[in-house]
Amino acid sequence: MNWYRLVLGLFLLSLAANALFFQPGPPPMQTSTPPEDCQDSPLPRPVPDDGTAPVTGEVAQAVENNSIVEINYTVVENSSGQAFTVTLPSGAKLVNQSGFSQDGDQLRTIPDQGDRLTLRYALTKMGHDEEGQFPNASYTAGPEWIIAPTPEHGGPDVTLQPAASGFIGLDILYLGEYTRHSTMAGCQNITIIKPEATGFDPEPRLNMLSNAAASLSGGTTYSTVYVFPSPKPIPAADGFVPEFQNNIIIEADASIHSAWNVWIHEYIHTRQVEYSGENFSWFQEASATYYAAQLTLEQGLISPIEFDAALARYAQHQPTTNLATAESEDIAYRWGAVVLARLDASLWQRGHTLAEMWNDINQYDGPSYSKFERQLSSRGLSESRLNETRAIVERNAQPDPSPVYTSRMSWLPGALLAHISAIYQSFVAIVGGAGLAIAGRELWTVVGTSD
Ligand SMILES: [Zn+2]
């Protein structure tokens, strides 16, 4: 028995255990009030099936091509002689049709009772015929399932029904076998349409989304939110929300144990308006990215060290555009999230939160950056903090990562802070492993020689 080696081994083990167990815990949830004032979800484009709609449409996935949706309309009655119009949204491209005349992007007819109309459209890049926010993203399809945009209808009310199994949402439709999973967050119903071809567990995700719903007071709060997880990766995006409404398409495999948490990110988009105020368009992706990290941390799904490391990585981003006018450019996600993380940490010190400003920010079409700055100032943020933030937003000064939970490590260069979580885990593994090997061998000697 070598006492020196035993003590050294136990010392290394205690170092690793100390590092493992005495990390900062997740912060308490800032607010936990489920939404109490929900607005009606935007009227379903296809009206609910009460059997009285003058036009019915049966929706199917084309047999010969996974990526084509076919709708067969039957005109039950049109005694008022109204024009019936169908508009294909971003992400859909007309393949062929019968019974309509084409008027620009719109299909149009004045149908008679008993008429049958057909429409076939294929999935295409979002920016196919107009500048979309994610021009290279698209909806997805596979054998026996498709997630596609839902057409807009005008004129007589329309009921859309899947020809076989499926779910027709306002902006997004799913055809194929699925199960439906719902939860209530105050007045808001959150529903996941889970394709049979996906393997994730919906319960922890619903729980996480309803906690996220309670973390932001105010803003847009639809009475229903539908999530359509895609069995396949979504090209050029991890997910998106069409038209700031209540339908989300997301990659089903997207991790919830990551600061990038796309599930929360996309949910945040359903709580936003379009920020059209001057120098404020970056807030769209910045707030979705920041709250994805912050609410994932609050819910204990990542550690404070992982949170700080992610923000430090975002701060390392080398931008190619300005933050002030960014929309879906990388800088809005990365530097934008760092800006908000630093502002929120300063607000906490003054007894406020960014979340409490959420309602004001999400008024119709959102404030300008200068109005946002005045709101921060009225909550006691110092002139120097505001100047520093303005330099990042308006003059592209590189943000300082300023770790919130590992502030003792803030002397480290940004490139190391960006990997602090991996360095930390390696430290625990190497030191703990060495301690276990050394002490274990000595203890084994004792056991081995005692018989
Ligand atoms: Zn986004």
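The values are calculated or read from the model by the stated rules, or taken from the named source; none is laboratory data. Note that the structure is predicted; figures quoted are calculated from it, not measured. Cβ placement follows ideal geometry from the backbone for every residue including glycine, while neighbour counts extend to all protein chains displayed.
What are the residues in region 241-267 that are charged (D, E, K, R) and in contact (Cβ under 8 Å) with a residue 24 or more places away in the chain, if any? First the steps, then the outcome.
So in region 241-267, the residues charged (D, E, K, R) come out as 243, 251, 253, 266.
Within region 241-267, Glu243, Asp253, Glu266 qualify.
Mind checking which pairs have a first residue in region 421-435 that is crowded, with 16+ Cβ neighbours inside 10 Å and a second that is acidic (Asp, Glu), Cβ under 9 Å, 6 or more apart or different chains?
Ser421/Glu306; Ser421/Asp308
Kindly provide the set of residues from region 95-111 that are outside any loop (DSSP other than H, G, I, E, B) and surrounded by 17 or more Cβ atoms within 10 Å (Cβ to Cβ), ordered by number. Can you show your working first?
Step one: list which residues in region 95-111 are outside any loop (DSSP other than H, G, I, E, B), which gives 95-98, 101-103, 106-109.
If the condition is that a residue be outside any loop (DSSP other than H, G, I, E, B) and surrounded by 17 or more Cβ atoms within 10 Å (Cβ to Cβ), then Gln97, Leu107, Thr109 are the ones that fit.
Listed here are the residues, each with its yes/no results for (1) surrounded by fewer than 21 Cβ atoms within 10 Å (Cβ to Cβ); (2) within 15 Å of the chain's Cα centre (by Cα); (3) farther than 16 Å from Glu285 by Cα.
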{"position": "Tyr222", "(1), (2), (3)": "no, no, yes"}
{"position": "Val225", "(1), (2), (3)": "no, yes, yes"}
{"position": "Lys232", "(1), (2), (3)": "yes, no, yes"}
{"position": "Asp238", "(1), (2), (3)": "yes, yes, no"}
{"position": "Pro242", "(1), (2), (3)": "no, yes, no"}
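Could you pull out the residue among Val273, Val225 that is away from the ligand (no atom under 11 Å from the Cβ), within 17 Å of Thr183 (Cβ to Cβ) and among the β-branched types (Val, Ile, Thr)?
Unique residue meeting the criteria: Val225.
So which strands (runs of 3 or more DSSP E) are wholly in region 130-222 and hold at least 2 residues that are of a type in the set (S, T, N, Q)?
Details: elements: 140-142, 145-149, 152-154, 158-162, 166-168, 172-175, 178-185, 188-195.
Strands (runs of 3 or more DSSP E) meeting the threshold: 158-162, 178-185, 188-195.
Name the residue that is surrounded by the most Cβ atoms within 10 Å (Cβ to Cβ), counting only residues in region 145-185 that are acidic (Asp, Glu) and touching an Asp or Glu at 6+ places or on another chain (Cβ under 7 Å).
Restricting to residues being acidic (Asp, Glu) and touching an Asp or Glu at 6+ places or on another chain (Cβ under 7 Å), the top hit is Asp171.
Pull out all pairs, ordered by first then second residue, where Cβ-Cβ is under 6 Å, the residues are six or more apart or on different chains, the first lies in region 274-292 and is charged (D, E, K, R), and the second is modelled with pLDDT under 95.
Short answer, once both residue conditions are applied: Glu274/Phe244; Glu278/Ser368.
Only one residue in Ala309, Ala341, Ala332 is part of a helix (DSSP H, G or I), within 16 Å of the ligand (Cβ to nearest atom), in contact (Cβ under 8 Å) with a residue 40 or more places away in the chain and not acidic (Asp, Glu), so which one is that?
Numbers: Ala309 fails: within 16 Å of the ligand (Cβ to nearest atom); Ala341 fails: within 16 Å of the ligand (Cβ to nearest atom).
Of the residues listed, the single one that is part of a helix (DSSP H, G or I), within 16 Å of the ligand (Cβ to nearest atom), in contact (Cβ under 8 Å) with a residue 40 or more places away in the chain and not acidic (Asp, Glu) is Ala332.
Going by the structure shown, is Asn359 among the polar types (S, T, N, Q), under 25 Å from the mean Cα position of the chain (by Cα) and not in a loop (DSSP other than H, G, I, E, B)?
Yes: the conditions hold for Asn359.
So Ser407 fits all but one of (1) surrounded by 14 or more Cβ atoms within 10 Å (Cβ to Cβ); (2) under 28 Å from Gly300 (Cα atoms); (3) away from the ligand (no atom under 16 Å from the Cβ); (4) of a type in the set (Ser, Thr, Tyr); what number is the exception?
It is condition (1) that Ser407 fails.
Scan region 317-324 and tell me whether some residue there is outside any helix (DSSP H, G or I) and either within 16 Å of the chain's Cα centre (by Cα) or surrounded by 24 or more Cβ atoms within 10 Å (Cβ to Cβ) (or both).
Among the residues of region 317-324, at least one is outside any helix (DSSP H, G or I) and either within 16 Å of the chain's Cα centre (by Cα) or surrounded by 24 or more Cβ atoms within 10 Å (Cβ to Cβ) (or both), which makes the answer yes.
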